[in-house]
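Visitor: Quick one: the structure is below, and I'll ask about it shortly.
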Amino acid sequence: MSAAAVLAEALATARSVLVAVLPLVAFFLAMQALFLRLPAKEVWRMLAGAALAALGLFLFLLGVEVAFLPFGRLAGQALGALPGAWPLIAAGVALGFVTARAEPAVAILAGEVENASGGSIRAPLVLAAVCAGVALLVGVGMARIVFAIPLLYVLVPGYVAVLVLLWLSKGEFAAIAVDAGGVATGPLANTFLLALALGASSAAGGRDPLTHGLGLVALIALAPMLSLMALGALLRRKELRKEA
């Protein structure tokens, strides 16, 4: 990407960040004037935090557009052009695991679960279950591209399994799983993995990126619900055996 293209992308990203952040700042200032009446020191601290958040969002979005998306597409095209299905599927499993492990929201959720449960549900256990589920479903998503499997053939059985596990799992794991389905589809999944799928579908012969590349994020959202509810079902069964 040329310097002029990077500059144009930076200006467009800055505009989008301002559109997103300024209404929140205006809302805070209105609440401060009408209700909060915080000391001036606290107001400046809030505004400084908003400025830092806007800067971080700008840098992240710019990095995604300049590097993550192009790299994901190129990597997907290279893997999709390889002979056989297993290189792409294996890469999907590996990248799904490490991407879920790197998602900040997943780590935050795991920590919150451990705090809310008083340590009875450990953060590493939640993190491992989410990462394993995402890895498996990203691999399924890559297989869907290679073998041209319709999306409904994967989603419908997956959500039927979720409904079954909902009754079999421990109640707290069902609640955790639903939230985990949202946090797993974070910025890394929505940028790198989706770009990877689009690149792979464009390189695979006769695959429409709109039909076979898109839909991966839906599978990633399904993955933690399956893995965490399955874990909850196993723990519930173990407890019932102990009681028996």
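The values are calculated or read from the model by the stated rules, or taken from the named source; none is laboratory data. Keep in mind it's a predicted model, so treat the numbers as computed, not measured. Note: ideal-geometry Cβ built from the backbone for every residue, glycine included; neighbour counts use all protein chains shown. We work out accessible area using only protein heavy atoms, side chains counted, and drop any ligands, DNA or RNA first. Shrake-Rupley method; radii C 1.70, N 1.55, O 1.52, S 1.80 Å.
Visitor: List every residue pair whose Cβ atoms lie under 8 Å apart, where the two residues are 6 or more positions apart in sequence or sit on different chains, the first residue falls within segment 177-192 and is aliphatic (A, V, I, L, M), and the second residue, located anywhere, is outside any helix (DSSP H, G or I).
Guide: These pairs meet every condition: 177/169; 183/103; 184/103; 188/103; 189/103.
Visitor: Counting only residues that are surrounded by fewer than 21 Cβ atoms within 10 Å (Cβ to Cβ) and farther than 9 Å from residue 151 by Cβ, how many does segment 202-219 have?
Guide: Of the residues in that region, 9 qualify.
Visitor: Is one or more of the residues making up segment 182-193 at pLDDT 90 or above, buried (at least 24 other Cβ atoms within 10 Å of the Cβ), part of a helix (DSSP H, G or I) and more than 14 Å from the chain's Cα centre (by Cα)?
Guide: Looking for residues that are at pLDDT 90 or above, buried (at least 24 other Cβ atoms within 10 Å of the Cβ), part of a helix (DSSP H, G or I) and more than 14 Å from the chain's Cα centre (by Cα), one finds none in segment 182-193, hence no.
Visitor: If you don't mind, there's one more thing I want to ask. Residues 34, 82: which one is aliphatic (A, V, I, L, M), modelled with pLDDT under 95, out of contact with any Gly (no Cβ under 7 Å at 6 or more places or on another chain) and not in a helix (DSSP H, G or I)? Please lay out each step first, then the result.
Guide: Working: 34 fails: not in a helix (DSSP H, G or I).
Of 34, 82, the one residue that is aliphatic (A, V, I, L, M), modelled with pLDDT under 95, out of contact with any Gly (no Cβ under 7 Å at 6 or more places or on another chain) and not in a helix (DSSP H, G or I) is 82.
Visitor: Now for a different question. Could you identify the single residue in 98, 43 that is more than 19 Å from residue 185 (Cα to Cα) and either open to solvent by 60 Å² or more (accessible area, probe 1.4 Å) or out of contact with any Cys (no Cβ under 7 Å at 6 or more places or on another chain) (or both)?
Guide: On the way: 98 fails: more than 19 Å from residue 185 (Cα to Cα).
The match here is 43.
Visitor: Quick check on segment 201-221. Is at least one of its residues under 15 Å from residue 175 (Cα atoms) and hydrophobic (A, V, I, L, M, F, W, C)?
Guide: Scanning segment 201-221 turns up at least one residue that is under 15 Å from residue 175 (Cα atoms) and hydrophobic (A, V, I, L, M, F, W, C).
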